[in-house]
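Okay, so here's the structure we're looking at.
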Amino acid sequence: MNTNMLNNFATQKNISDLINRGYYFIESETGFLACNTYGNGRMAEPVQIIDYLESFVTPKNLKGKKIIVTAGPTIERIDPVRYISNDSSGKMGYAIARVARNRGAEVTLISGPSNLEKIGGIRSIDIKSADDLFTAINDVFLENEVLIMAAAPADYKVVNKTHIKIKSSSIPEIQLSKNKDIISHFASIKEDRLVIGFAAETNDLIENASLKLKKKNLDYIIANDVSKPGAGFNVDTNIASIISSEKIVNLPLMSKYELADEILNLI
Ligand code: PMT
């Protein structure tokens with residue numbers, strides 16, 4: 001053994017001794033090091049350290065719960081360069097997934113295209129279309145106890161999508177058909193699972209959301225008026241009402257993380 005190997009061995013032994021004594025470690029990262037070499041030994045990024053500490057100090061009151069969270073938009077192709085989508089950033093669903101993880105749940109996050117950083121310590125599944133979203137939920141639904149649908153699946157898909165780019169000189173006639181109502185399908189086979197939906201409305205919030213709660217057979221619906229400043233798409237805050245068959249709880253403006261906590265308290 002050379003000196004490097006001995007040092008490495010001693011370090012590993014010290015680390016495992018400390019872990020056995022109940023100490024926790026934030027792992028170092030791989031990349032370019034100060035000594036001008038490439039390898040493992042970089043300090044973890046400050047955001048990752050904060051993320052770890054947040055998770056560390058949160059009481060694990062959802063330990064043992066298996067939760068699916070959906071987030072983000074779906075995209076429905078028109079041709080290889082164009083699609084139909086919406087303004088969902090994924091922030092609401094990612095906040096729920098992160099808080100659920102911090103509270104000890106086993107989380108599967110199924111997300112449409114989003115620019116948000118992947119969350120450590122959960123299972124992440126990326127999807128594109130509403131049909132992909134349906135398939136991804138279907139693959140894991142039975143092994144989970146809770147489904148929270150914060151995603152904004154497109155309601156329509158393009159029947160006559162093309163595999164080559166449509167010439168800009170022509171004006172195509174786009175034919176649409178309805179996508180599956182995904183949450184309704186899973187709520188219809190939920191048995192004793194909890195299914196929580198969102199309602200994105202621009203008018204008659206409580207009335208429209210209450211209708212969706214009933215029609216889709218949900219346990220709760222989180223109603224947000226996406227036309228209000230500070231609520232809905234692509235902002236860090238939301239203003240929501242939590243509606244069940246028994247009651248309506250109107251919440252004030254709060255961060256999506258705080259709203260995530262309120263939603264997860266329902267479990
Ligand atoms: O991602 P962000 O930028 O943070 O924005 C958050 C949000 C506005 C997307 C989120 O708060 C929200 O409201 N999500 C639901 C959007 C939506 O699709 O609402 P809806 O009222 O059209 O649908 C009602 C429910 O049915 C939703 O749970 C939706 O996920 C589900 N649905 C909708 C269409 C469809 N084909 N299948 C579904 O399962």
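The values are calculated or read from the model by the stated rules, or taken from the named source; none is laboratory data. What you see is a predicted model, and the numbers here were worked out from it, not measured in a lab. Heads up, the Cβs are rebuilt from the backbone with ideal geometry, glycines too, and the neighbour counts pull from every protein chain shown. Side chains are part of the model used for accessible areas, which takes the heavy atoms of the whole protein and leaves out ligands, DNA and RNA. Shrake-Rupley method; radii C 1.70, N 1.55, O 1.52, S 1.80 Å.
Things worth noting here:
- Residue among L18, L109, L176 with the largest mean-square fluctuation in a Gaussian network model of the chain, springs linking Cα atoms under 10 Å: L18
- Of all DSSP beta bridges in the chain, antiparallel share, percent nearest 5: 45
- The relative contact order of the stretch 127-267, computed from alpha carbon pairs under 8 Å that lie at least 6 residues apart in sequence, is 16 percent.
- Accessible surface of the chain [probe 1.4 Å, protein heavy atoms]: carbon and sulfur percent: 53
- Measure of compaction for the stretch 92-244 (Cα Rg per 2.2 N^0.38 Å): 1.14
- Size estimate for the stretch 1-89 follows the Kirkwood approach: the inverse of mean 1/r over distinct Cα pairs works out to 18.3 Å.
- Choice from G197, G104, G121 showing the highest fluctuation, given a GNM over the chain with Cα pairs closer than 10 Å: G121
- Among I242, I125, I189, the largest mean-square fluctuation in a Gaussian network model of the chain (Cα springs under 10 Å) belongs to I189.
- Surface per residue (accessible, 1.4 Å probe) for the stretch 93-144, Å²: 41
- Gain on full stretching of the segment that runs from N160 to I15 - 0.36 nm per residue minus C-alpha separation: 46.3 nm
- A simple charge model with +1 on the Cβ of Lys and Arg, -1 on the Cβ of Asp and Glu and nothing else charged puts the dipole of the chain at about 380 debye relative to its Cα centre.
- Taking every C-alpha pair closer than 8 Å and separated by at least 6 residues, the mean separation divided by the residue count of the stretch 127-182 gives a relative contact order of 40 percent.
- On a per residue basis, the stretch 39-78 carries 55 Å² of accessible surface, using protein heavy atoms and a 1.4 Å probe.
- Compared with the alpha-carbon gap, the fully stretched path from D139 to D192 is longer by 17.3 nm at 0.36 nm per residue.
- Over the chain, dividing the summed -39,500 (n - 2.57) contributions of all DSSP H runs of at least 4 residues by the number of residues returns a 222 nm mean residue ellipticity of -9000 deg cm²/dmol.
- Spin-label model distance (nm) - K63 vs E117, 7 Å beyond Cα toward Cβ: 2.7
- Restraint check, K91/K178; K13/K63; K128/K214; K216/K247, Cα-Cα greater than 24 Å: K91/K178; K13/K63; K128/K214
- Whole-number D in µm² s⁻¹ for the chain, Kirkwood Cα-pair radius fed into Stokes-Einstein, 20 °C, 1.002 mPa s: 103
- Where labels lie 7 Å past Cα in the beta-carbon direction, separation of I174 and R42 in nm: 4.0
- The value of relative contact order for the stretch 26-129, using C-alpha pairs under 8 Å at least six residues apart, is 25 percent.
- Ordering of 258-267, 156-165, 244-253 by packing is 258-267, 156-165, 244-253, highest average first (other Cβ atoms within 10 Å, averaged per residue).
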